[in-house]
Amino acid sequence: MKEGGRKQGAPSPCAACKLLRRRCAQDCVFAPYFPADEPQKFANVHKVFGASNVNKMLQELPMHQRGDAVSSMVYEANARVRDPVYGCVGAISSLQQQIDVLQTQLALAQAEVVHLRVRQTATLSNHGLSPASPSNSGSPSSRLMGSQMKPIFDMDMVDHTSLGESMWSC
C-alpha cells in the first residue's frame, strides 16, 4: 500500500472519486477512508457536507486525526439521512427518553421491593417472629408459618447502596 492508501496500479477509484466521476490520484485524500466497496458511505457524507468541504476538513487535519473525523462525519451524515431535521441529536434525544422511562421503571420496581420487604417484616412481627429467623419454636404452627414466609425474591440481588440516592443524579 502506498501512503495515500491505494495500491499501485489499482484500476478502481475510491468511492469518492467514483461518485464525483474523476480520476483517483495516488495521493487522493478520500481513498484511505472511502473505499470503492462502500459507495453509500461517501454518498451520504457528500450529500450532507459536500465533497469540497470534506476535502478541506481532511486537508486541515493531521493524518492521525483524519480517520476519527471521517467516522464522525459518516455517523452524522447517516443520522441526517435518517432524520434530516435533528440528525444525531434526534437519536441522542430518543435514547435519553428511553433512559428516563427505564429509570422510572427501575425506581418503581425498587419501591415495590422495599414495600414488600416492609410488609413481610410487619407480618412476621405481628406473629411474634423475628424476621431473621422465622421458625424459632418447634410448634407446628411456627413450622407452617416458616415455610410460608420465604421472601418472594432475594434481596441480595438489589443494590442496597443506591436505594437512598437520587435516581436522576449523574
Going by the structure shown, is Leu58 out of contact with any strand residue (DSSP E or B) (no Cβ under 9 Å at 6 or more places or on another chain) and either among the aliphatic types (A, V, I, L, M) or open to solvent by less than 60 Å² (accessible area, probe 1.4 Å) (or both)?
yes
Let me confirm something: among Ala111, Ala107, Ala91, Ala16, which residue is touching a helix residue (DSSP H, G or I) at 6+ places or on another chain (Cβ under 8 Å), part of a helix (DSSP H, G or I) and either at pLDDT 95 or above or loosely packed, with under 15 Cβ neighbours inside 10 Å (or both)?
Ala16
Flag if Val45 is open to solvent by 60 Å² or more (accessible area, probe 1.4 Å) and either assigned to a helix (DSSP H, G or I) or at pLDDT 95 or above (or both):
no
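The values are calculated or read from the model by the stated rules, or taken from the named source; none is laboratory data. Fair warning: this is a prediction, and the values are worked out from it, not measured in the lab. Glycine also receives a Cβ, built like all others from the backbone with ideal geometry; neighbour counts cover every protein chain displayed. Note: areas computed on protein heavy atoms with side chains; ligands, DNA, RNA excluded. Shrake-Rupley method; radii C 1.70, N 1.55, O 1.52, S 1.80 Å.
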